[in-house]
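Below is one structure, written out as structure tokens, with a few remarks after it.
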Amino acid sequence: MDTIIFILTGTFATATPLLLAALGELVAEKSGIINLSIEGMMALSAAMGFAIVYTTGSHLLAFAVAAGLAMLLSAVFATLVMFFSANQVASGLAVGILGLGLSALLGRDYESLTLQAPSALSVPILSDIPILGSILFQQDIVVYMTITAGFGLMWIIQHSRVGLILRIVGENPHIAHNLGFNVLQVRFLAILFGGFMAGIAGAYASTILTPIWSQGMILGRGWIALALVVFGTWRVLRVMIGAYLFGALLLADLAVQTLNLGIPSQIMTSMPYAMTIVVLAIISRDTLRIRLNAPVSLGQNYRPNH
Amino acid sequence: MKKKNLSVLATMICLAAPTFADNTLNIGFIVPNPIGEVGWDHELDRGRQMMEAHFGDNISVTAVDSVGEGPDATRMMNRMVAQGADMIFLGSFGHMNDGIALAKRNKDLAVIHAGGYLTGERFATYAPRHYQASYLCGMAAGYVAENAKLGIIAAFPLPEVIGMMNAYVLGAQSVNSAIDNVQVVWLNSWFDPARNRSAAEALISGGIDVLYSLFPGTPAAISTAEENGVYAVATLSNNSKFAPTKHLCAGQTHFGAIYIDYVNAMMNGNFTSGDTFAGIAEGAMEVAGLSLDLTDEQRIAIITKQDEMRAGTFDPFTGLITDNTGAEAVPEGVSLDISGIKSMNFLVQGLDTTLPN
Amino acid sequence: MIPYEFIPRTQPSAQALAIVPVLTVALSMLCGTALFFILGKPAGVAFYAFFIEPFLTSYNLSEIAIKAAPLILIAQGLAIGFRARIWNIGAEGQLTIGAICAGLIPITWPQSENILMLPAMIFVGTVMGMSWAAIAAWLRTAFNASEIIVTLMLNAIAIQILLYLINGPLKDPRGFSFPQSITFPEVALYPLLIKDSFLRANVSIYLVLALSLLAWIYVRHSFSGFRLLVGGLTPSAAHYAGFSAKRTVWISLLVGGAAAGLAGVGEISGPIGKLQPILSPAYGFAAIIVAFLGGLNPIGIVIAGFFMAVIYVGADGAVLQAGLPASAPIVFQGFILIFYLASHTLVNFKLRRIGETKEAT
């Protein structure tokens, strides 16, 4: 029972940086742009977010600057793919390397320092409910904001005019152009939004989830975020479910180890990844649904004047 | 060591920009990760600083951090030799084989390697006897563990790590016979602060009294213990800074004296090889940051035990020790020799985990 | 906003192609100078280490070969899939599995002097790298599971398999329980380019270059290359031309896995010489950028692979000689890659002032 409560309580926070970055990437991909620099953006914002909280104590300032820096990197990426018509995959990786390098360089003076973790938000009354209270109503504020952002995004993409434009641009930029939409502008904003979310994700990872900065601490989580978008077949709700599922599996490895079932730990550590593959295989059989949601122009640059 | 290194490599580099100075002992110092405030790389670097302070202008040190294991490490070593290094300190187990090959090729070079098991011509290895401090911290843990529940986080089942776990549990059991079913979480990653924190939370949610964090490469678990009001035991450095109220004990390492010995040997021209396994007696290891929650008697018992280890009258790995399958691991009255300690692969009774075999 | 824009050229410009490296280096040096100035380090020494020194010594040249071989090999394999828009990002795992399985041979026969050992390892490593990728191909074709996720997850699993084995059954029995295998016998290693030398470069670089040539012939002249190209545009186009989309998935992943598995053999039979926890400094990911820097073109990939290897080798020198922090070269590499991608636009596009009348085309 302790084990299950531990997993469920921790899942939301563990999944939050993955989900934040994945939601940002989802919007970029919906507009037809694949940005592989998430890892680098998260790292840079984690380093600077940490540095700012460490020196000023202000989380708000840290999140703002972190998001700003990640947006700056995503603007570099946007310039490469939209002004210079460079390949999206290569540009994303290149900008990602710059971000990783900058994070290590700027974070040098803060290596392995820690912060006081901000206390979780305790929703009055509700958090006193046994078991469920601690799982659902004693999380930090970013967890709740992320869930809200997820549902908000779901509505925007499905039901709002902005969402419609975004989808049309991602489906077929030429048609979007002919309909009078500014394709490059839409894509630029979508990329910036991706940067913003990756920035928040990075700052969350280093100042709230694990209040520590250490070079390389993002450790492939940007890639996981990318995988979550595909896993969720470009649908917000599925991305959210995928993120929380993966977060739970990551914690299950550690929790089950404490029980010592006689299984070598390496097998336990492999489980989240193996389970993800199995779940993916089960849910992917409905090809039509995937095709309906995948942005057709993903990865292809658009040039308005030809 | 005034001779210029005459390796083939050195002659080939005709344009290398700044080379090492000529009339001092030139030392290359390689550390595997970025240098933090505590931990392995921090302690290696602190040792280097002691060495530099001790020898002043008689040595010239070029230190490089973040040189990981794998095929790239060799390149940095060779570059240092090419620029005239007389002596190279390698800071990671994974640098061992490259280091041996390096010493073989360069007849005037001395290589000092941390944490391996091989020695060779002009290739020395050193390791602190971490397990001694582990035993002492285990005693502290045994004293404060009201529910007799201990939890350990470890990166990989290296023999050194297993030795430390064993000594820790033996120390705890020596003062608290109720200690059993010590839980272990293996991180299976060299470095992952978030995972380290979650592992700590997993153990804490299971109700442990004391958390022992073994070589995690980050103080994340220690600060997690502090936040949750659980005692923390740290490796390598005093981590009090990260757990101001719940820091129970730490094994503090001191590498400086080891380095100074090797540099002296090198300067006197009598360096050949070496296998330094230095502990409390040699000043390479001590307990630090003992919690004020321990009673005076308990602190005195721990310090007394440390004194016995210094004097050589007590050794944690003295039989009878049974492993966690119930078999005899160390016979009655026998003490494990160095190679037995350095290649330890049994878990003592009371450790509740599984190793691959 | 910006008063200039790029318009496509009717054909790629050879002049522009010649300017690209110059422009890349010049712009990177401009940013680099600012970076090194801020860090208070001598920029001249750093640039010298980055761009000149890698070519000056036989040791550095040998290291470039060591670094370039796996990057080029993996990138060639990945490019075949990337051209068909099959996204294999699991080269790291395929490399690991190839290395583990090939490593079983020398671990089983540590005293062997049979010269067939290396060929056997090459065979096993290639086949097993392929098999690991086949999991993704099967799940994609039978269950429609995205190969992006499957290959990414299989990376993590492969690492855990390696860790389990070298902490357990494949551990060197005389290795004091340290997590590594025995050191392989001579016959398990690629012959060095220069016998009895300390230069680590071995004949695997020739193998890589030969396979690159093969890849080039395959892409330029064979039906299969065309098939992959068509398959990549849209699934319907592939069907129209009579090619099975499923086959494209299989070929892409199998070839990518085979190349990565072979690269794994290159590491354990080359600079490493045993199984150990870290077999690759993320070659599987670095190769993705090599593939794209090379324009997914076999010849371009060879050039890009050597280019990346040069800046890796140069980075070490920059750290050591200019006293740069270890992270500064990564930032500089980021500059180089970004400016390369931006400069390369000039090959297929030309800069025009917005508002100028369109030339008759």
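We did not get these values from a lab; they are worked out from the coordinates using the rules stated. Given the structure is predicted, the values throughout are model-derived calculations rather than measurements. Note that we place each Cβ from the backbone using ideal geometry, even for glycine, and neighbour counts take in every protein chain shown.
So here's what we get for this one:
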| quantity | calculated |
| --- | --- |
| For residues of A:252-263, the mean tally of beta carbons on other chains within 10 Å | 6 |
| Amide H partners (placed H, <5 Å) of B:Val184, local residues excluded | B:Ile152, B:Asp352 |
| Principal-axis tilt of helix A:38-56 within chain A, Cα atoms, nearest 10 degrees | 60 |
| Partner chain coverage, peptide A:7-14 - average Cβ within 10 angstrom | 2 |
| Karplus (6.51, -1.76, 1.60) ³J(HN,Hα), θ = phi - 60°, over region B:172-186, in Hz, Gly and Pro reported as x | 5, 5, 5, 10, 9, 5, 7, 5, 7, 6, 6, 8, 10, 10, 8 |
| Alpha carbon convex hull of region C:64-306, projected area averaged over orientations, nm² | 12.9 |
| In range of the label at A:Asp109: residues from region A:47-69 whose backbone nitrogen is under 18 Å from the point 7 Å along Cα→Cβ | A:47-58, A:62, A:65-66 |
| Residues whose placed amide H lies under 5 Å from that of B:Asp275, excluding near-sequence neighbours | B:Thr125 |
| Alpha-carbon Rg/Rh ratio, for region B:184-311, with Rh computed the Kirkwood way | 1.07 |
| Per-residue [θ]222 nm for chain B (sum of -39500 (n - 2.57) over DSSP H runs n ≥ 4, rounded to 500) | -11000 deg cm²/dmol |
| Percent of alpha-carbon pairs separated by more than 32 Å within chain B | 33 |
| Kirkwood Rh, angstrom, region B:25-181 [1 / mean 1/r, Cα pairs] | 17.4 |
| Full-extension gain in nm, A:Leu60 to A:Tyr144, via 0.36 nm per residue minus C-alpha separation | 28.7 nm |
| Positive minus negative residues near B:Met344 (Lys, Arg vs Asp, Glu; Cβ under 11 Å) | -1 |
| Rounded tilt (10° steps) of B:73-82 against the dominant C-alpha axis of chain B | 40 |
| Cα centroid separation, region C:250-296 to region A:97-161 (Å) | 36 |
| Taking A:Lys30, C:Lys246, B:Lys246 and counting other C-beta atoms within 10 Å, the order from fewest to most | C:Lys246, B:Lys246, A:Lys30 |
| Kyte-Doolittle mean at least 1.0 and Cα axial length at least 20 Å: DSSP H helices in chain C | C:14-39, C:91-108, C:117-143, C:147-167, C:204-221, C:245-268, C:298-321, C:328-348 |
| Spin-label pair A:Leu261/C:Arg352, simplified geometry with 7 Å Cα→Cβ offset, distance in nm | 6.5 |
| Fully extended contour minus Cα-Cα distance, from A:Ile156 to A:Ile175, at 0.36 nm per residue | 4.7 nm |
| Simple Cβ-charge dipole of chain C, Lys/Arg +1 and Asp/Glu -1, about Cα centre, in debye nearest 20 | 820 |
| Residues with amide H under 5 Å from that of A:Leu113, placed H, sequence gap 5 or more | A:Trp213 |
| Mean Cβ count within 10 Å, highest first, over the residues of peptides C:10-21, C:29-40 | C:29-40, C:10-21 |
| Rounded FRET efficiency, nearest 0.05, which uses the C-beta distance separating C:Thr10 from C:Thr33 and R0 of 25 Å | 0.10 |
| Stretchable slack from B:Arg46 to B:Lys107, in nm (0.36 nm times residue separation minus alpha-carbon distance) | 19.1 nm |
| Efficiency of FRET from Cβ geometry, A:Gln116 and A:Ile4, R₀ 25 Å, rounded to 0.05 | 0.30 |
| Choice from A:Ile282, A:Ile224, A:Ile156 with maximal GNM fluctuation in chain A (Cα, 10 Å cutoff) | A:Ile282 |
| GNM flexibility winner over chain B from B:Thr235, B:Thr245, B:Thr125 (Cα, springs under 10 Å) | B:Thr245 |
| Estimated FRET transfer efficiency when R0 is 45 angstrom, pair B:Asn181-C:Phe123 (beta carbons, to 0.05) | 0.40 |
| Mean-position separation - Cα centroids, region C:141-175 and region B:250-267, in angstrom | 39 |
| Crossing angle, helix A:221-231 versus chain A [Cα axis fit, 0-90 degrees, rounded to tens] | 70 |
| Formal net charge of residues neighbouring C:Val249 (Cβ-Cβ distance under 11 Å; K, R +1; D, E -1) | +3 |
| Separation of alpha-carbon centers, region B:125-151 and region C:50-75, rounded to whole Å | 47 |
| Histogram of C-alpha separations across chain A, 10 Å bin width, % | 7, 26, 33, 24, 9, 2, 0 |
| Peptide-level mean, for B:35-42, of C-beta atoms on other protein chains within 10 Å | 3 |
| Debye, to nearest 20: dipole size of region C:110-218, +1 on Lys, Arg Cβ, -1 on Asp, Glu Cβ | 140 |
| Likely footprinting exposure, C:Ile330, A:Ile212, fewest C-beta neighbours within 10 Å first | C:Ile330, A:Ile212 |
| Under 15 Å from the C:Ala142 label point (7 Å along Cα→beta-carbon), backbone N, region A:265-306 | A:277-285 |
